[in-house]
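Take a look at the structure below.
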Amino acid sequence: MSQQAANGVPCRGKVLTLDNMNPNVRRVEYAVRGAIVQRAGQIEKELKEGVKKPFTEVIKANIGDAHAMGQKPISFLRQVLALCSYPELLEDNKFPEDAKHRARRILEACGGHSIGAYSASQGIECVRQDVARYIEKRDGGIPSNPDNIYLSTGASDAIVTMLKLLVCGEGRDRTGVMISIPQYPLYSAALADLGAVQISYYLDEDKCWSLDVAELKRAVDAARQHCNPRVLCIINPGNPTGQVQSRQCIEDVIRFAKEEHLFLMADEVYQDNVYAEGCKFHSFKKVLFEMGPAYSSTVEMASFHSTSKCYMGECGFRGGYMEVINMDPEVKAQLTKLVSVRLCPPVPGQALLDLVVNPPQPDEPSYNTFMKERTAVLAALAEKARLTEQIFNEVPGVTCNPVQGAMYTFPRIALPQKAIDKAKEEGQVPDMFYCMRLLEEEGICLVPGSGFGQREGTFHFRMTILPPTEKLKIVLQKISDFHVRFTQEFS
Amino acid sequence: SLCTAEALKATQLKMSENGVLSRAKVLTIDTMNPTVKKVEYAVRGPIVLRAVELERELSEGMKKPFSEVIKANIGDAHAMGQQPITFFRQVLALCSYPELLNDSTFPEDAKSRARRILQSCGGNSMGSYTASQGIDSVRQDVARYIERRDGGVPCDPDDIYLTTGASDGIVTMLKLLVCGEGATRTGVMISIPQYPLYSAALAELGAVQINYYLNEEKCWSMDISELQRALDEARRHCNPRALCVINPGNPTGQVQSRQCIEDVIRFAANERLLLMADEVYQDNVYAEGCQFHSFKKVLFEMGPEYSDTVELVSFHSTSKCYMGECGFRGGYMEIINMDDEVKAQLTKLVSVRLCPPVPGQALMDLVVNPPQPGEPSHDNFIKERTATLSALAEKAKLTEQVLNTIQGISCNPVQGAMYSFPRITIPEKAIQEAMDKGQEPDMFYCMKMLEETGICLVPGSGFGQTDGTYHFRMTILPPTDKLTILLNKVKEFHQKFTQQYS
């Protein structure tokens, strides 16, 4: 592995190379920011440098980042954050009393009354109390113990931490973790990084991406041959698929987890993003408790939430929490110890979360504006969800399930055999080939379905519904036109 | 029979106290990740848990020999009363709520920086994800800062990765390095004493920790022969691949000489080790004759034979220095001479977590791009910065001085960082009682101190120390008058304790 330097003097190879780095890390993939996004970044740079393209801007419809697509922050949340950052503003009469009141409360809970102090590793206590109250209100009074709440650096942090705790064993005893296909590729990435076994269960595209317990059973039985299945992950509302699971389905999943002795991980970061008529968010915890003590005092569960989605869209603040239910006390002590090593989640994100779970109330000055802004954001998303489904379903060769919730559409695309062959020739997965073409021709950046998982022989892409409605219409039209052209070209 | 423990375990059933059979949990201490069980982090360990309990008892009105718990366990300046730098918080407020850009009470230089930061954010909002490596313009500013700091040695913004505190970058690098099995398992050299993030991360990753002892007699300096000893010994049972150095040191506070840093670089080059330089305390240098020498600068001054080849990663943070903004979790690492393919893997790895917190990135931008002479905020900024750093220098001196007046305590000069790590003599009787209780003697000592004075320190065993020696780590962060009281209480306690166990 030695290298010759330019002047012919032999020099040794590097200490850290592809061949001697952590092999698990090499297996990690994260399509949402993968190859296609890197190319999109390159193209943006080229545009800036004046290179001529068939488009004037790159539209990044690859990532669930609402503010980047023009969504406005909620005024109240940002006012409180400003007050917390620079408490001199508490003297400024431009800020409403309810914002000041919350800022004071947060600052009082911080060391030295500063958001620059480390907080407790589990998160600021009064924030955890507020989160517990929020959960209780949301779940119709089912008790939530603040001590079961762990604030985190986005939901991703808590998800990875839980998976880390769960992974053990060697060979056939290695921990297996069930995750949907399609899935949000944080899960596959984390499982690769941890060297755990990924157990894929297929969502039913023909039934609006619903979950089928028979399919769960098939997957877990097959998995038991080669690993030790211990965890079942479910994303509801779904990413990338947008389905909102029925209450019956959630009950069935809980029952399945109990029967098969699985730890349940419920990723509920899109809990406010529900659009379709007849659809409703049912929290796993609520359903669990409604199933009675045989379940509610035994099924081990962690549910995850975030400040990145819903109506806030505050991705950059990296706020989040998990609630752990029925966790073994000794394991919980280990969890508490583990999170202490990284000291604490970012305090601005903790403050933001506090406001999300403790928003302006009807009798408070900021209430009307808050409700107006929140409603506008959610209504716009609902409209865009509907519009997207409608337009895509008008394109021959594109089939789009209703976008019931979340922030994405995951339509199925028919690719001509010639295109599939051409892709193979170029060493590309067919839907990557398709998406790369779309990027180069229209400047629209999507993520190929292969980045999330899909049934063999099917192809999809994930597009966000986040651009402003007028721009979204244009994007949808361009994609539709592209699809027709592409199909023509490879017919 | 179902009733034996073994049989129960085999069927995954459990007998509760009232005789009810139930299934054992999915996730138990026996079925969880074994490496996580090995993780310890003393800075927030058992003694701190007890301190928090005591605080609760105090707030519930319980009578104690003290009226407050003083948390001198953690390097958290704001929690101890240090004030944030006004300029930084002004810009952060402007970034959080850009309506304030119309507010005439904010100075123009703050507004200009806020606008620049917002312009580089998606949708001009701090609420957008940024590029996973960090905001481009911030990385450029970091690179310029490094160039200025290092007398012009070039820095490529593409080698800068913004992180969620320095801890994040350190753990990421260690993760990249770990591979192999058994005798080829990656070994990582770290000082004893060390900041226990390193031992925790190595335990979690299942890497081999290779201890090299700092020389207490020589003010905690590094000794190449000791590095060599540690390395040679380690080669017998693992594959040593990295050398971690904390400079200025934590918990020990020493500021390594330029010669020492050169020697370490030469050692790393000869022994083919990737160098990890934790430099988060680079502005916290107090002692006369001491100066911070960045590893990168020294590396480049050693000429291309070294600067073209030695793989070096250096870490910085917004949590320490004069800012003390721990809660924002801001940081960066600079990667030097990394293999291109590995760098691509690193970039891919950090993308999974999307991006570091944007407020922390913004804060880092201000740290590396502070008010310049001629700008409206410059004078006040320098005033605040100077006040903080000189207070720390004063407290460093005071601490060393007072602790050295105590018989049975000897304290090396606190040359830099934020801690003192004095050596304490513990009477044999106390050591015995500790062992009987299954406690490390210095944990026994610190627990007693906590219960009797309300002062929370971290025992030296949490950082590592030469066998048979005992220490504690105490921060120098409380305000000077409180620190004086603290040091005197420590003195009283030590005298009492020594007497009690004589």
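Tabulated data
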quantity: Residues losing 30 Å² or more accessible surface upon assembly, the stretch B:25-62, compared with the chain by itself, 1.4 Å; calculated: B:K25, B:V26, B:L27, B:I29, B:T31, B:M32, B:N33, B:V36, B:V39, B:Y41, B:R44
quantity: Surrounding net charge for B:S314, when Lys and Arg each add one and Asp and Glu each subtract one, Cβ distance under 12 Å; calculated: -3
quantity: Chain B - percent of accessible surface contributed by carbon and sulfur, probe 1.4 Å; calculated: 50 percent
quantity: Net charge of Cβ neighbours under 13 Å - reference A:L343; Lys, Arg +1; Asp, Glu -1; calculated: +1
quantity: Interface burial for B against A (accessible surface, 1.4 Å probe, total of both chains, Å², rounded to 100); calculated: 7700 Å²
quantity: Mean Cβ count within 10 Å, highest first, over the residues of peptides B:393-403, A:368-378; calculated: B:393-403, A:368-378
quantity: Charge context of A:L107, other residues only, Cβ under 13 angstrom, K/R +1, D/E -1; calculated: +2
quantity: Cα gyration tensor shape of the stretch B:30-137, rounded if a/c is under 1.5, else prolate or oblate by comparing a/b with b/c; calculated: oblate
quantity: Accessible area of the stretch A:132-270 belonging to carbon and sulfur atoms, whole % at 1.4 Å probe; calculated: 47 percent
quantity: Entries of A:K285/B:K25; A:K337/B:K496; A:K424/B:K175; B:K395/B:K448 with Cα pairs more than 23 Å apart; calculated: A:K337/B:K496; A:K424/B:K175; B:K395/B:K448
quantity: Extent along principal axes [Cα atoms of the stretch B:304-425; Å; largest to smallest]; calculated: 56, 45, 34
quantity: Kyte-Doolittle mean at least -1.0 and Cα axial length at least 27 Å: DSSP H helices in chain B; calculated: B:378-403, B:480-500
quantity: Over 26 Å (Cα to Cα) - which of A:K164/A:K384; B:K64/B:K482; A:K94/B:K111; A:K280/A:K309; A:K100/A:K384 fall in this group; calculated: A:K164/A:K384; A:K100/A:K384
quantity: Fraction of beta bridges assigned by DSSP in chain B that are antiparallel (%, nearest 5); calculated: 55 percent
quantity: Solvent exposure ordering (accessible area, 1.4 Å, most first) of A:F263, B:F300; calculated: B:F300, A:F263
quantity: Residue mean of other protein chain beta carbons inside 10 Å, A:329-336; calculated: 4
quantity: For the stretch A:68-152, accessible area per residue (1.4 Å probe, heavy atoms of protein chains only), Å²; calculated: 38 Å²
quantity: Solvent-accessible area of B:R115 with every protein chain in place, 1.4 Å probe, in Å² to the nearest 10; calculated: 90 Å²
quantity: Within 10 Å of each Cβ in B:112-122, the average number of Cβ atoms from other chains; calculated: 1
quantity: Cα centroid separation - the stretch B:346-418 against the stretch A:340-400, whole Å; calculated: 37 Å
quantity: Tensor-based shape of the stretch A:323-405 (alpha-carbon gyration tensor, a/c under 1.5 rounded, otherwise prolate or oblate); calculated: oblate
quantity: B:Y306, A:Y201, ranked by accessible area, largest first (probe 1.4 Å); calculated: B:Y306, A:Y201
quantity: Burial ranking of peptide ranges B:97-104, B:422-429 (average Cβ count within 10 Å, highest at the top); calculated: B:422-429, B:97-104
quantity: Accessible surface, 1.4 Å probe, highest first, among residues B:R23, A:R255; calculated: B:R23, A:R255
quantity: Accessible solvent surface per residue of the stretch A:277-385, calculated while the other protein chains remain in place, 1.4 angstrom probe, Å²; calculated: 31 Å²
quantity: Global form of chain B, assessed from the alpha-carbon gyration tensor, a/c cut-off 1.5; calculated: rounded
quantity: Whole-number accessible area per residue in Å² for the stretch B:333-390, which is evaluated in the context of all protein chains at 1.4 Å; calculated: 35 Å²
quantity: Under 24 Å from the Cα of A:K418 - lysines, other chains or at least 8 residues apart; calculated: A:K478
quantity: Inter-chain Cβ neighbour average for residues A:57-65, partner chain, 10 Å; calculated: 2
quantity: Hydrodynamic radius of the stretch A:296-364 per Kirkwood, over alpha carbon pairs, in Å; calculated: 14.0 Å
quantity: For B:I29, residues with placed amide H under 5 Å, excluding near neighbours; calculated: A:V331
quantity: Sequence ranges A:144-151, A:318-325, A:462-469, A:208-215, ranked by mean other-Cβ count within 10 angstrom, highest first; calculated: A:318-325, A:462-469, A:144-151, A:208-215
quantity: For chain A, share of DSSP beta bridges that run antiparallel, in % to the nearest 5; calculated: 50 percent
quantity: Magnitude of the charge dipole, chain B, Cβ model with Lys/Arg +1 and Asp/Glu -1, debye to 20; calculated: 1040 debye
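The values are calculated or read from the model by the stated rules, or taken from the named source; none is laboratory data. Treat the numbers as computed from the prediction; the structure is a model and nothing was measured. Note that we place each Cβ from the backbone using ideal geometry, even for glycine, and neighbour counts take in every protein chain shown. For the accessible areas, the whole protein counts, side chains as well, though only heavy atoms, and no ligand, DNA or RNA atoms are used. Shrake-Rupley method; radii C 1.70, N 1.55, O 1.52, S 1.80 Å.
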